[in-house]
Every structure is written in C-alpha cells, then in structure tokens.
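Data block below; observations after.
The values are calculated or read from the model by the stated rules, or taken from the named source; none is laboratory data. None of the values given here were measured: they were computed from a predicted structure. Counting neighbours? That spans all protein chains shown, and the Cβs are built from the backbone with ideal geometry, glycine included. Quick note on the areas: whole protein, heavy atoms, side chains included, nothing else; ligands and nucleic acids left out. Shrake-Rupley method; radii C 1.70, N 1.55, O 1.52, S 1.80 Å.
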Amino acid sequence: MFRHESRQKTLIGMGFVTLELIFHVAVRSLRMSHGNAVLGLLMTLIQSLMMVVVMYFLFDLLGVLRGAVRGDFMLFVMSGVFMFTTHVSAIGAVSKADGPTSPMMMHAPMNPIISICGAALAALYRQTLSAIVILYFYHTLFVPISIKDPVGLLELHLLSWAS
C-alpha cells in the first residue's frame, strides 16, 4: 500500500521533462538578471540601442559612412552590433551558469548541462527580443526596411549565439 512504485518512462517522456527543466531554468535566469523582468529586458534593449548609436557616430567620425556599403548603413551597423551582443551575452550567461556545486544541483532531475542550456536560452531570448524591438522602431519611425534573406539572418543570429 505504501510502496513506492517507479513508473517506466519512455525516451520521449524524459525528453519532455528535460525540455521543461531547461525552460524553467531559462525563466529563472531571466528573473535573476534583474528583480523586475520588464526592467531586465528594457536594460538589454537600452544597452543594444546605445551600442548602435555609439557605433554609428564612431563610423561617422571616421568617415566610413561614405564607404562602399550598399543599402541602409544603419542596418549594417545594427546587424553587427546585434550579432556581437548576442555572442558576448551567450558566453557570459554560459560562464555564469550554475555549476555542479550549486545548491540547485541538489534537486534530483537538475544537472549542470540543463543549467547551461537554460542560461544560454535566456540570453538568446533576451537578445532576440531586443533586436526585434529595435528593428521594429527603426522600421516604424525612420525608414521602412526589407530583409532580403530573413532565414539567412536568423541562421547568422543563431550561429553567433551558438558559437
């Protein structure tokens, strides 16, 4: 009657449990970056926006604006800044992820790989949302933009995150 019976889990069931754990660790990682989730995302947005503005004025000061860049120069700057910030924030998130000596690892299904995956996923979410919001406001307020190869852009964004 009071016996513990372990249920046989399938490989697909264990995969869903792992994905659920990664999701919860990603949410925890987002909440740990700042006390308020909206303020944390806003800080990431402002940081990316400031880097775009500084790079634009730096290129203007150096005279690169008159160079051989076809198309919109701001999109050129934004693409570089977004890829850089995505790469750097993913590396920072993975390096700050909970290790094997963390108290969180005392819970049964938790392990360092899940912690690393969750932290990396949170960094990807934060940077992707920041890039989309900045591109939306640039499209709305300044110049309508069209991306010739959106799949290639997404692949580059994911490559900068995964590397």
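Here the spin labels are modelled as points 7 Å beyond Cα on the Cα-Cβ line, and at ILE91 and MET104 they lie 2.2 nm apart. Using the empirical formula 2.2 N^0.38 Å as the baseline, the Cα radius of gyration of segment 14-100 reaches a ratio of 1.48. Per-residue accessible area (protein heavy atoms, 1.4 Å probe) orders ARG70, ARG31 as ARG70, ARG31, starting from the largest.
What ranking of LYS9, LYS148, LYS96 comes out by heavy-atom accessible area, probe 1.4 Å, highest first?
Of LYS9, LYS148, LYS96, the descending order of accessible area is LYS148, LYS96, LYS9.
Note on MET43 and ASP60: their simple-model spin labels are 2.9 nm apart, each label 7 Å out from Cα toward Cβ. Taking all protein chains together and a 1.4 Å probe, the residues THR101, THR85 rank THR101, THR85 from largest to smallest accessible area. Tilt of helix 73-95 relative to the longest C-alpha principal axis of the chain, in degrees (0 to 90, nearest 10)? Helix 73-95 and the main axis of the chain meet at about 30 degrees.
Electrostatic tally near ALA26: other residues with Cβ closer than 12 Å to its Cβ, Lys and Arg +1, Asp and Glu -1, net +2. Once the 1.4 Å probe is applied to the protein heavy atoms, segment 44-85 comes out at 64 Å² accessible per residue. In the set (i) 62, 40, 22; (ii) 79, 30, 26; (iii) 55, 43, 31, which value of Cα extents along the principal axes in Å was calculated from the structure you see? Read-out from the structure maps to (ii).
The accessible area of LEU39, taken with all protein chains in place and a 1.4 Å probe, comes to roughly 80 Å².
Given a 1.4 Å probe and the protein chains as shown, VAL69 ends up with an accessible area of around 50 Å².
Run the quick spin-label model on ILE147 and PHE23: label points 7 Å from Cα toward the beta carbon, then report their separation in nm to one decimal. Taking the simple label geometry, ILE147 and PHE23 are separated by 2.4 nm.
If the elastic network links every pair of Cα atoms under 10 Å, which of ALA37, ALA120, ALA97 fluctuates the most in the Gaussian network model of the chain? The residue that fluctuates most here is ALA37. Nearest 10 degrees, 0 to 90: what angle lies between the long axis of helix 11-33 and the longest principal axis of the chain (Cα atoms)? Helix 11-33 sits roughly 60 degrees off the main axis of the chain.
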